[in-house]
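Got a structure here, written out as structure tokens. Questions coming.
The values are calculated or read from the model by the stated rules, or taken from the named source; none is laboratory data. None of the values given here were measured: they were computed from a predicted structure. Cβ placement follows ideal geometry from the backbone for every residue including glycine, while neighbour counts extend to all protein chains displayed. Heads up: the accessible areas ignore ligands, DNA and RNA and are worked out on the full protein's heavy atoms, side chains in. Shrake-Rupley method; radii C 1.70, N 1.55, O 1.52, S 1.80 Å.
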Amino acid sequence: MTAPLLKVSGLEAFYGAAQILFSVEFELAPGEVVALMGRNGAGKTTTLESIMGLVDRRSGSVDFRGHELIGLRTYEIARLGLGFVPEDRRIFTDLTVIENLEVGRRNPSDAAQEPWTPDRLFSLFPNLAEARDRSAGRMSGGEQQMLTIARTLMGNPLAILLDEPSEGIAPIIVDQMIDMIAELKKSGVAILVSEQNLPFAATVADRAYVLDHGQIKYSGAIASLLNDEEVRRTYLEL
Amino acid sequence: MSLSGLFVQALNGLAAASTLFLLASGLSLIFGVTRIVNFAHGSLYMLGAYVAWSLTDRLQGVFGFWFAIFASAATIGVVGMLIELTILRRIYRAPELFQLLATFALTLVIKDATLAMWGAEDLLGPRAPGLAGAITILGRRVPQYDLALIASGPLVLIALQLLLTRTRWGVLVRAATQDREMVAALGVNQAVLFTSVFALGAALAGLGGALQLPREPAGLSMDMTAIGDAFVVVVVGGMGSIPGAFVAALLIAEVKALCIALGDWQTPLGFVVAFPKFTLVAEFAVMAIVLILRPWGLMGRPDVAIRPQATTSAQLAPPGRGYDLAYLVLGAVLLTVPLLVETRSYTLVFGIDVFVAILFAASLHFLMGPGGMHSFGHAAYFGLGAYAAALCAKALNLPMWSALLAAPVGGFIGAVVFGWFCVRLSGVYLAMLTLAFSQIVWSIVYQWDGLTGGSNGIVGVWPTSIFSSKAAYYCLTLIVCGGATFVLRRILFAPFGYAMRAARDSVTRSAAIGLDVRRIQWIAFAIAGAFAGLAGGLFAFSKGSISPETLGVGRSIDGLVMVLLGGVDTLTGPIVGASVFLFLQDQIARHVEYWRAMLGLFILALVLAFPAGIVGTIRQWTFRR
Ligand SMILES: Nc1ncnc2c1ncn2[C@@H]1O[C@H](COP(=O)(O)OP(=O)(O)OP(=O)(O)O)[C@@H](O)[C@H]1O
Ligand SMILES: [Mg+2]
């Protein structure tokens, strides 16, 4: 395995007095797709938000391309080349599709990257091209999910934190999502995808971590997770 | 009433609307992005007029004049930038009450700074060179400058719209208005965005003030009139909506102009309706109608109004027996004071002031703490009580006891009427509405010479003979205020008090268990208003005279500072806060010329030292490792 792009160690996070994450550890290598799995409330979103600096109190270490992220502001973290796609999409509904993309636009942090442009994204997400000048609030849930990913890509990130992309969208869109993740992987972007849906994760990811009550309980290749009924029953199935 | 007269008034209204729009658009923009309600916006407007006065004085000719106007706007933009960098930046995450208080404090500082630099006299500005004349329309003369002013509103609207839709900066501003956190997660440095938005909003206010100079002299009361008007416009238009502000400004200015144009109307029934007097309440009426139909304003959105409470308030424990006993003992000890000091002692006068302030602060605390409704216009109820009492005593010649009964009734009626509107809103909207109402009451009292004596107020309101000595009146206020404060506290631990706190903590949950939240809040308003009115009545008889200042915004701020000093989450808060505040004010006012600025700086220091509130800051300290 190559040197990790993102390396999280001893990460703890708190909401008020409640500790949510306990010494979370994992890695993401360049160009790799890793699934972060766990039941509702396991702490997946909290982990991603802690990495992005969106949680007020966190400690431990998050190393991204040799930069320590703990202590940085959210915008500084994003500018290092880390993209974040929230689970509740958080589209700017008052803005048009193209304006949403504009908010996300940043020059690549790595000169060798081929920058994402709206046109390049529209070929990846054909639905968005038609809705270009429509208000984003009027789009369907699936289209909004696509838009939120496209918006993040406009920042030319080297790694993306993708929070539950398959949640609450139609099966046909899920299929598109799978193709899209494969496409992104090919272009060299590393992806950390938080998921509850094991079949989905198994299709897109190389490796998996399983989170339960804020602690990492399992790590390994996604194939071995599929075979490990014990872990699946204890930490994933309802 | 002739058609041409109507037309001229309509033009006049358009000119006024432009100024209103310049003011309100900046306020709305700043609120949209930073979620801070900038009470200092009126002060920036005033400052714009003063700076323009100084600059137009030095720069002559057409070019010089317009250069001076725009330079004034730019100067105020820079002032706004400095304010954002030094103060606001530190308090974006503080409870909104603290943010409001900080910008309130700024108004005090700016007012005294203006007084120090330009003096107390109104300063008459120059006519605009090249536009000093008038043109004749329909046989009436219309000042050319008014036409220029009329054009400025739509021009600024178009420029702002282009800026917001055609530039990357504008797109970011609109995105941040919706979801600041997400904008940051996409790599946008909000600090830069916030500073620039604040600077632009300030510059717009400055431009409004500067443009007003040829029509109206620069004066020290501009700030409060302007902020009152701007709030009404922003609330009517919908917070955060620029086109909304434009429409609202037009609507309000034209309704006012229409009132003037209609003049006095001889009704068939014989009496005269003086429409021009309605200008005082026109904006109030417009706002009332709009808020009934659309609580979030003409073009606002329901969702931008509510901001989740940063922290839930601490639990209040019912006071035990020991507490009541201590309260009684303290009261008894205070009752012996008149025996220990001279009859005309200043101590007694000071004591009376403190008791009145405690009752006032306790009534405000009732509304703000357990009620969860931030009133920025509580002086209105105090003042209505004071005027009700004074009018009973002077105009109706009623005895003092009945005048003192009228006082809470006055406050109660005011609170019932205004509260009905206010409880339909929450958070910042509610705070702004309370302030707007109090400004309206103030301007009615200030201008209704026939009833209230206008700016002179009502004099010779003295207690009946048995209470004419300071000592006797001291005992009366002690007993009444002490008793009333005790009753207020009792209400908090009656079923109504519990319902009120439940309504504050979760509107949806309270509604789910069958509580009528609005009704509860409305009753809370009425109770707080009645007790504030009682305090006002006692105040009137203690001073012997009252003036519009009795219900001015200054007193509302004083109340807020008292409550915040003591702590919103504690029962003894208002008592301690009022006592400490009065003591400080007494000391500062006696020894310092610019006491307002001192007070403002004191509040700013308080807010900056405890950005999350005193309790919140201590909690944060204990969490840090
Ligand atoms: N803002 C918050 N304040 C307090 N506790 C929170 C907050 N957000 C999340 N939590 C708690 O943190 C824990 C982890 O939540 P998190 O959202 O990270 O889980 P998740 O794995 O993403 O779940 P889901 O699959 O439902 O999205 C939960 O117990 C949740 O109740
Ligand atoms: Mg989640």
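Report the charge-dipole magnitude of the protein assembly as shown in Debye, nearest 20, computed about the Cα centre from +1 at each Lys and Arg Cβ and -1 at each Asp and Glu Cβ.
1480 debye
Given the Cα-Cα distance of B:Thr267 and B:Arg519 and 0.36 nm per residue of separation, how much length would full extension add, in nm?
86.8 nm
Turning to a different aspect of this structure: Long-range amide H contacts for A:Tyr209: which residues qualify at under 5 Å (H placed 1.01 Å from N, peptide plane, sequence gap of 5 or more or a different chain)?
For A:Tyr209, the qualifying residues are A:Ala35, A:Leu36, A:Met37.
Now for a separate question. Taking every residue in A:92-104, how many Cβ atoms of other protein chains lie within 10 Å of its Cβ, on average?
That average works out to 5.
Something else about it: Over both sides of the B-A contact, add up the buried accessible area with a 1.4 Å probe and give it to the nearest 100 Å².
Roughly 2300 Å² of accessible surface disappears when B and A pair.
With a point put 7 Å past each Cα toward its Cβ, work out how far B:Ile588 is from B:Val487 in nm, to one decimal.
Going by the 7 Å Cα→Cβ label model, 3.3 nm.
If I take every Cα pair under 8 Å that is 6 or more residues apart in chain B, average their sequence separation and divide by the length, what percent do I get for the relative contact order?
Value for chain B: 20 percent.
Cross-link candidates for B:Lys470: which lysines have Cα within less than 28 Å, leaving aside residues fewer than 8 places away along the same chain?
Within the straight-line limit of under 28 Å, B:Lys470 reaches these lysines: B:Lys394, B:Lys543.
Tell me the label-point distance for the pair B:Thr572, A:Thr234, using the 7 Å Cα-to-Cβ offset, in nm and rounded to one decimal.
Each label point is offset 7 Å from its Cα along the Cβ direction, giving 5.4 nm.
Zone of A:Asp56 (label point 7 Å along Cα→Cβ, backbone N under 16 Å): which residues in the range B:584-612?
B:610-612
Under a Cβ-only charge scheme (Lys and Arg +1, Asp and Glu -1), can you give me the dipole magnitude of the range A:6-236 about the Cα centre, in debye to the nearest 20? Working shown, then result.
Details: 23 positive and 32 negative charges, 57 e Å.
Here the size comes out at about 280 debye.
With N denoting the number of residues in the protein assembly as shown, provide Rg(C-alpha) divided by 2.2 N^0.38 Å, to two decimal places.
Taking the Cα Rg and dividing by 2.2 N^0.38 Å, one obtains 1.07.
Hey, another quick one. How many angstrom separate the Cα center of the range B:511-562 from the Cα center of the range B:204-261?
27 Å
Rolling a 1.4 angstrom probe over the protein chains, ignoring ligands and nucleic acids, what is the accessible area of B:Lys256 in square angstrom, nearest 10?
Looks like 50 Å² after rounding.
If you don't mind, another one. Taking only C-alpha pairs under 8 Å that are 6+ residues apart, what is the relative contact order of the range A:6-236 in percent? The partial results should precede the final answer.
Working: 446 pairs, mean separation 66.0, N = 231.
Averaging sequence separation for qualifying contacts and normalising by length gives 29 percent for the range A:6-236.
What are the ³J(HN,Hα) values, in whole Hz, obtained from phi via the Karplus relation 6.51 cos²θ - 1.76 cosθ + 1.60 with θ = phi - 60°, for each residue of the range A:112-120 in sequence order, with x given for Gly and Pro?
With the stated coefficients, the range A:112-120 comes to 6, 5, 8, x, 6, 10, x, 5, 5 Hz.
Per-residue Cβ counts within 10 Å, from other chains only, averaged over A:107-120: what number is that?
Other-chain Cβ atoms within 10 Å of each residue's Cβ, averaged: 0.
Given labels modelled 7 Å from the Cα in the Cβ direction, how far is it in nm from B:Ala191 to B:Trp448?
5.1 nm
Roll a 1.4 Å probe over the protein chains and send me the accessible area per residue for chain B in Å².
Here the per-residue accessible area is 41 Å².
Using a Förster radius of 25 Å, what is the FRET efficiency between B:Leu155 and B:Phe7 based on their Cβ-Cβ separation? Nearest 0.05, please.
After rounding to 0.05, the efficiency reads 0.65.
Roughly how much of A:Glu102 is accessible, in Å² to the nearest 10, using a 1.4 Å probe?
Rounded to the nearest 10, the figure is 40 Å².
What size of dipole, in debye to the nearest 20, comes out for the range B:349-591 about its Cα centre when the only charges are +1 on Lys and Arg C-beta atoms and -1 on Asp and Glu C-beta atoms?
Using Cβ point charges on Lys, Arg, Asp and Glu, the range B:349-591 gives about 360 debye.
Helix B:379-394: angle to the longest alpha-carbon principal axis of chain B, degrees 0 to 90, nearest 10?
70 degrees
Further question on the same structure: Report the one residue of B:Ala148, B:Ala226, B:Asn189 whose Cα lies farthest in the direction of the positive end of the charge dipole of the protein assembly as shown (charges on C-beta: Lys and Arg +1, Asp and Glu -1; origin at the Cα centre).
Farthest along the dipole direction, towards plus: B:Ala226.
Can you work out the accessible area per residue across the range A:1-65, with the rest of the protein chains kept in place, probe 1.4 Å, in square angstrom?
With the other protein chains kept in place, the range A:1-65 gives 36 Å² per residue.
Tell me the mean residue ellipticity at 222 nm calculated for chain A from its helices only (DSSP H runs of n ≥ 4, each -39500 (n - 2.57), averaged over every residue, nearest 500).
Numbers: 9 runs with 76 residues, N = 238.
Theoretical 222 nm ellipticity from helices: -9000 deg cm²/dmol.
Straight-line reach from A:Lys217: which lysines have a Cα under 23 Å away, not including same-chain ones fewer than 8 places off?
Counting by Cα, and skipping residues close in sequence, A:Lys217 has these lysines nearby: A:Lys7, A:Lys44.
Give the accessible area for A:His67 in Å² (nearest 10); use a 1.4 Å probe, count only protein heavy atoms, and leave out ligands, DNA and RNA.
Number for this one is 80 Å².
How many partner chain Cβ atoms sit within 10 Å of a residue's Cβ in peptide B:160-172, on average, as a whole number?
The mean count of partner-chain Cβ atoms within 10 Å per residue comes to 2.
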